[in-house]
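Peer 1: Just dropping this structure here.
The values are calculated or read from the model by the stated rules, or taken from the named source; none is laboratory data. Predicted model, so just to flag it, every value in this text is computed and none were measured. Virtual Cβ from ideal backbone geometry, glycine too; neighbours counted across all protein chains shown.
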Amino acid sequence: MNRRALVTGGTRGIGASISKELKRLGYKVTATYAGNEEAAQKFSQETGIKVYKWNVANYEECVAGIAKIENDLGGNIEVLVNNAGITRDGMLHKTTVENWDAVIHTNLSSVFNMTRCVIEKMRENKFGRVVSLSSVNAQGAAGQTNYSAAKAGIEGFTKTLALEGARNGITANAVAPGYIGTEMVAAMPPEALEKIVAKVPAGRLGEPEEIARVVAFLADDASGFITGAVIPVNGGLRV
C-alpha cells in the first residue's frame, strides 16, 4: 500500500495512533499539527512521519499546506483523515462568542477546508477516502453545545459528501469515538474519570489504537462500498 495519506492533528492522541497505524500498513503518511512544536518534532523523529504546521481552520493555510505536501510526496492526497479538534467547554449561557467560534472553526470548518482542497483531484483520479472524526457527544452533552454542534455537523457533512462522491470512487465516512484513554482524559480528576467509566457498558476507556484500526479499515481500497457511515467506537455507550 503506497497511497498518500494526510492526518490532521496527527501527532498526538488519537491522531498519532492513526498516523502510526496507516504507516504500519504501508501508506505514505503526513501529519499536521497546530501548536505543540516539541511534541510534533518528537513524534516525527520517533516515527519517521513528516509533520507540517498550520492552522486547519484557515482556508488559505490549508491550500498552501496541502500544495507543499503534495509537492513533497510527488502526488495528490488520496486518503484524508480529518482528526484535528479542540474543546472549549461551558454551559451555553456562559459560552463566549470566541469559544464558540474557536470550536466551530477548528472542528467543523477545518473539515470543509481540508476536504475542499483535495476533493477535485480525488474526483479526477476516481479515487478518494475521506474519514472524519466525530464523537459520541455529537448526540449532545451538557456543557458542549459548541463541540456537539461541530461533531453533528461533521456527520451531516460526511453523509452529503458520500452522496456526491460515490460515482467518482470517493468514500466519506465518520468514526464516532466514545471516551478514549488519551492524555487529555487521563489528566481528569480520578473521581470524574470513575464516573465516566461507570457509564460505559464495556467498563473501561477505549484505546487510541482501537480508533486507529477502524479508520484504517475505512481508508483501505477494499472498503469502497462503505460510504456515508458513522461508525461508533464507544464500548456500548448510548447504543
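Peer 1: Among the candidates THR145, THR182, THR106, which residue alone is of a type in the set (Ser, Thr, Tyr), at pLDDT below 95, crowded, with 16+ Cβ neighbours inside 10 Å and out of contact with any strand residue (DSSP E or B) (no Cβ under 8 Å at 6 or more places or on another chain)?
Peer 2: The unique qualifying residue is THR182.
Peer 1: With the condition being within 16 Å of THR87 (Cβ to Cβ) and in contact (Cβ under 8 Å) with a residue 60 or more places away in the chain, I'd like the helices (runs of 4 or more DSSP H) fully within segment 137-239 carrying at least 3 qualifying residues.
Peer 2: Result: 145-165.
Peer 1: If you don't mind, there's one more thing I want to ask. Name the single residue, out of those in segment 37-54 being in contact (Cβ under 8 Å) with a residue 24 or more places away in the chain and in a loop (DSSP other than H, G, I, E, B), that is surrounded by the most Cβ atoms within 10 Å (Cβ to Cβ).
Peer 2: The qualifying residue surrounded by the most Cβ atoms within 10 Å (Cβ to Cβ) is ILE49.
Peer 1: Now, a different point. Checking LYS195 against (1) more than 28 Å from ASP101 (Cβ to Cβ); (2) modelled with pLDDT of 95 or more: exactly one of these is not met. Which one?
Peer 2: Here LYS195 meets the rest and fails (2).
Peer 1: Can I ask one more? Output the residues belonging to segment 103-136 that are within 14 Å of the chain's Cα centre (by Cα) and part of a strand (DSSP E or B).
Peer 2: ARG129, VAL130, VAL131, SER132, LEU133
Peer 1: Could you grab me the full set of residues in segment 1-26 that are buried (at least 19 other Cβ atoms within 10 Å of the Cβ), of a type in the set (A, V, I, L, M, F, W, C) and assigned to a loop (DSSP other than H, G, I, E, B)?
Peer 2: Across segment 1-26, there are no qualifying residues.
Peer 1: Do you know which residues across segment 187-225 are under 25 Å from THR11 (Cβ atoms), of a type in the set (A, V, I, L, M, F, W, C) and touching a Gly at 6+ places or on another chain (Cβ under 8 Å)?
Peer 2: Correct list: LEU205 only.
Peer 1: I've got another one for you. What do you reckon, is VAL63 of a type outside the set (Gly, Ala, Ser), buried (at least 16 other Cβ atoms within 10 Å of the Cβ), at pLDDT 95 or above and at negative phi?
Peer 2: Here the answer is no, as VAL63 does not meet what is asked.
Peer 1: Report the residue count in segment 55-80 for those that are part of a loop (DSSP other than H, G, I, E, B) and in contact (Cβ under 8 Å) with a residue 12 or more places away in the chain.
Peer 2: Going through segment 55-80 one residue at a time, the tally reaches 8.
Peer 1: I'm checking my understanding of the structure. Among residues of segment 24-36 that are of a type in the set (S, T, N, Q) and in contact (Cβ under 8 Å) with a residue 40 or more places away in the chain, which one is farthest from ALA84 (Cα to Cα)?
Peer 2: Ranking the candidates gives THR30 first.
Peer 1: Please verify whether VAL175 is crowded, with 16+ Cβ neighbours inside 10 Å, under 16 Å from ALA138 (Cβ atoms), under 17 Å from the mean Cα position of the chain (by Cα) and of a type outside the set (Ser, Thr, Tyr), treating the condition exactly as stated.
Peer 2: Yes: the conditions hold for VAL175.
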